[in-house]
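**Student:** Structure provided below as structure tokens; questions to follow.
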Amino acid sequence: MPVPGRDGVLATSLLRDRAYTAIRDAIVDGTLAPGERLLDAELSEWLGVSRTPIREALGRLERSGLVLTRPGHSTVVSPVRARATAAAQSVVAAMHELAVREAVPLLSASDLDAMRAANARFAAALRADDVDAAVAADDDFHEVAVAASGNAAVRAVLDQFGPVLRRVERMRFGSLAGRGSVAQHDRIVALCAAGDVEGAAAAARENWQTLALLTDVSDTED
């Protein structure tokens with residue numbers, strides 16, 4: 001049968017992904033604050049795309065818990081809430097535990113070096129109070145195991161719920177509470193290097209469970 005052209009499909013997909021990424025990042029870094037109203041027209045003008053990919057991006061963000069549609073069809077940035085953060089934390093911690101468990105037998109010496117280098121950048125960023133650099137380095141650290149695991153399902157779940165946790169982590173990395181992650185990362189690397197699958201997986205899970213102190217002070221109202 002004739003093969004349909006894909007230019008239009010690819011263009012639409014790229015626009016949708018571009019809109020999603022831009023709005024997501026603006027929510028996570030606080031540019032779009034909790035409770036701020038999101039208007040299709042303003043977002044369309046800002047991103048230079050039509051309203052269709054904007055609406056699709058907002059729907060995806062709502063499923064992730066970063067956007068809230070209220071009665072009357074107004075759309076706002078979701079508040080940071082303890083219950084939603086705790087739910088995302090449980091899922092993300094479990095996914096990173098699984099990624100490390102599957103990755104440990106597959107990690108190369110260069111993978112371990114990449115984790116050490118990322119953690120060094122992470123520590124330096126924390127010392128400099130550079131939250132953006134700390135978040136980026138932390139992402140790089142955990143990405144090594146996720147990539148090595150080759151588990152597409154893990155990546156899909158992290159892509160959906162990771163940003164919810166990242167919004168809270170930005171507050172944590174701007175405080176003394178974030179300093180403990182450097183030592184936790186060192187322990188994960190050491191266990192990975194020793195081939196301790198269960199130990200490394202448990203350490204990864206523990207690392208992602210240290211946001212509990214911040215969820216205690218988040219808005220608990222639903």
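**Student:** With the structure loaded, tell me whether SER108 is of a type in the set (Ser, Thr, Tyr) and either exposed (fewer than 14 other Cβ atoms within 10 Å of the Cβ) or without any contact (Cβ under 8 Å) to a residue 40 or more places away in the chain (or both) or whether it fails that test. Explain how you work it out, then say what you get.
**Tutor:** Details: of a type in the set (Ser, Thr, Tyr): yes; either exposed (fewer than 14 other Cβ atoms within 10 Å of the Cβ) or without any contact (Cβ under 8 Å) to a residue 40 or more places away in the chain (or both): yes.
Here the answer is yes, as SER108 does meet what is asked.
**Student:** Now, a different point. For segment 42-55, enumerate the residues that are more than 20 Å from THR31 (Cβ to Cβ) and crowded, with 17+ Cβ neighbours inside 10 Å.
**Tutor:** none
**Student:** I would also like to ask the following. With respect to ALA103, determine if the residue is within 22 Å of VAL164 (Cα to Cα) and assigned to a helix (DSSP H, G or I).
**Tutor:** It is false that ALA103 is within 22 Å of VAL164 (Cα to Cα) and assigned to a helix (DSSP H, G or I).
**Student:** Given the condition modelled with pLDDT of 95 or more and not in a helix (DSSP H, G or I), answer yes or no: does some residue in segment 142-153 qualify? Reasoning before the result, please.
**Tutor:** Taking segment 142-153 first, the residues modelled with pLDDT of 95 or more are 142-153.
From the residues that got through so far, the ones that are not in a helix (DSSP H, G or I) too are 150-151.
So far as segment 142-153 goes, yes, one or more of its residues are modelled with pLDDT of 95 or more and not in a helix (DSSP H, G or I).
**Student:** Would it be correct to say that ALA148 is surrounded by fewer than 19 Cβ atoms within 10 Å (Cβ to Cβ) and among the small types (Gly, Ala, Ser)?
**Tutor:** Working: surrounded by fewer than 19 Cβ atoms within 10 Å (Cβ to Cβ): no; among the small types (Gly, Ala, Ser): yes.
In short, no.
**Student:** Looking at segment 125-135, which of its residues are surrounded by fewer than 16 Cβ atoms within 10 Å (Cβ to Cβ), in contact (Cβ under 8 Å) with a residue 12 or more places away in the chain and assigned to a helix (DSSP H, G or I)?
**Tutor:** Hit for segment 125-135 is ASP132, nothing else.
**Student:** State all residues of segment 56-89 that are over 21 Å from the mean Cα position of the chain (by Cα) and either open to solvent by 40 Å² or more (accessible area, probe 1.4 Å) or of a type in the set (D, E, K, R) (or both); if no residue qualifies, say none. Explain how you work it out, then say what you get.
**Tutor:** Pass one, segment 56-89, residues over 21 Å from the mean Cα position of the chain (by Cα): 69-75.
Residues satisfying the conditions are THR69, ARG70, PRO71, GLY72, HIS73.
**Student:** Name the pairs whose Cβ atoms lie under 8 Å apart, with the first residue in segment 39-58 and among the polar types (S, T, N, Q), the second surrounded by 17 or more Cβ atoms within 10 Å (Cβ to Cβ), and 6 or more positions between them or separate chains?
**Tutor:** The qualifying pairs are SER44/ILE54; SER50/LEU15; SER50/SER44.
**Student:** Sticking with this structure for a sec: Can you name the residue in segment 156-180 that is of a type in the set (Lys, Arg) and out of contact with any Leu (no Cβ under 8 Å at 6 or more places or on another chain) and, of all such residues, is modelled with the highest pLDDT?
**Tutor:** Kept after step one, since they are of a type in the set (Lys, Arg), are these residues of segment 156-180: 166-167, 170, 172, 179.
Subset that is out of contact with any Leu (no Cβ under 8 Å at 6 or more places or on another chain): 166, 170.
Details: ARG166: 87, ARG170: 77.
Restricting to residues being of a type in the set (Lys, Arg) and out of contact with any Leu (no Cβ under 8 Å at 6 or more places or on another chain), the top hit is ARG166.
The values are calculated or read from the model by the stated rules, or taken from the named source; none is laboratory data. None of the values given here were measured: they were computed from a predicted structure. Neighbour counts run over all protein chains shown; Cβ positions are idealised from the backbone, glycine included. What goes into the accessible areas is simple: the full protein's heavy atoms, side chains included, and nothing from ligands, DNA or RNA. Shrake-Rupley method; radii C 1.70, N 1.55, O 1.52, S 1.80 Å.
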